[in-house]
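Just below is one structure, and these are the notes that go with it.
We did not get these values from a lab; they are worked out from the coordinates using the rules stated. Quick caveat: nothing in here was measured; it's all calculated off a predicted structure. FYI the Cβ positions are ideal-geometry reconstructions off the backbone, even for glycines, and counts take in every protein chain you see.
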Amino acid sequence: MKMHKDRHSAPAGRVLRAAVLFLAFALGGCVTKTASISTEPNPDEVFPRALVDLAEPYAKTVGLAVEKVEFRSGYLYKNQSFLRHITQRFEPLDIVAVSNKGALASRLIPGYFTHSAAYIGTEAELRRLGVWDNKHVRPHHAEIRAGKIMIESTNDGVHLSTPEVAFNTDRVVVARPGGSAGLPLSGKRAAIIELFRLIGTEFDFHFDSGETETLFCIELIQQAVPDIKLERKVIYGRQTIKPVAVARGVFDPRSNLAFMGYYEGQRDRQWVTHSRADLKLHLNRADAEALRWARYLSPVPDPS
């Protein structure tokens, strides 16, 4: 999700502040439940179930507060060279997974990639697809013409964004539903129209993919593009999808996602292109680091 400068005062009281951080870590990015009989700590669920249940009612308050905390902009933010490169290679319905470790939420969310969005297309592309005059697309003509050609779900709900806003991040993976050639025209049209139809849907602060009245980032994409099959997990009793599932999906033929690119911004404003093999290596390293952290915390298994 997009981050902004911290304009929100911290909640009063040590207990509530602790609950905020625990809840943000536990619920902020879709974490998996560890079986109580497991002797190996689960890197995605390191806090007691009871503590998460206690903090659950504050989910929205926590999410809104954490979103505002940004230590720095993403290394790819406003990088015009990168923006030209990636937008020239996009096709409508391309999906991106991003990670900005300069934002507090991304540091708390488990997984190497912590947010996802989709490229919706320019006016010319939407006309070629035959959806420009669809009743769900027409209300957004002005936004699209103004450069809002990405769609995402953040704390503000489902909305269109410019690439500049969407790529306030450090790393980007691009995946294409249906393989490198994309989905058949009928499937692509249906998915694009569904994404537009969902604009205005409120954000799901509980990251529960079992209900669809509210939508978090990757849930939006999975619902609109049923042709892809992203891995689902059970988190503290709820079904969910981790945003990193997009990056992992390019290695799983069942996901119906093709790897189209992996990019990383540098501190000096340069950016590099990585390979599919690099992505696998980086994901594995991140998993190993998360497991080391989980072992350090050594949570007591939940006997329930």
HIS141, HIS282 arranged by Cβ crowding within 10 Å, fewest neighbours leading: HIS141, HIS282
Dipole moment magnitude, nearest 20 debye, region 144-189 about Cα centre, only Lys, Arg, Asp, Glu C-beta charged: 320 debye
Two-site label geometry, SER275 and LYS101: point separation in nm, points 7 Å out along Cα→Cβ: 2.3 nm
Packing rank of 168-176, 256-264, where each peptide gets the mean count of other beta carbons within 10 Å, highest leading: 168-176, 256-264
Spacing of the two label points (7 Å from each Cα toward its C-beta) at ARG127 and GLU231, in nm: 4.3 nm
Estimated dipole of region 80-297 in Debye, rounded to 20 [Cβ of Lys and Arg +1, of Asp and Glu -1, Cα centre]: 540 debye
Neighbour-count order for SER73, SER81, SER153, SER116, fewest beta carbons within 10 angstrom listed first: SER81, SER73, SER153, SER116
Equivalent ellipsoid dimensions for region 197-304 as semi-axes, Å, which come from the Cα gyration tensor, largest first: 26, 23, 15
Region 211-275 - charge dipole about Cα centre, Lys and Arg +1 at Cβ, Asp and Glu -1, debye rounded to 20: 200 debye
Ranked GLU194, GLU152, criterion: other C-beta atoms within 10 Å, fewest first: GLU194, GLU152
Separation in nanometres of the label points that stand 7 Å from Cα toward Cβ, at ARG72 and ASP268: 1.5 nm
Contour minus Cα-Cα distance for ARG89 and ARG254 (0.36 nm per residue): 57.0 nm
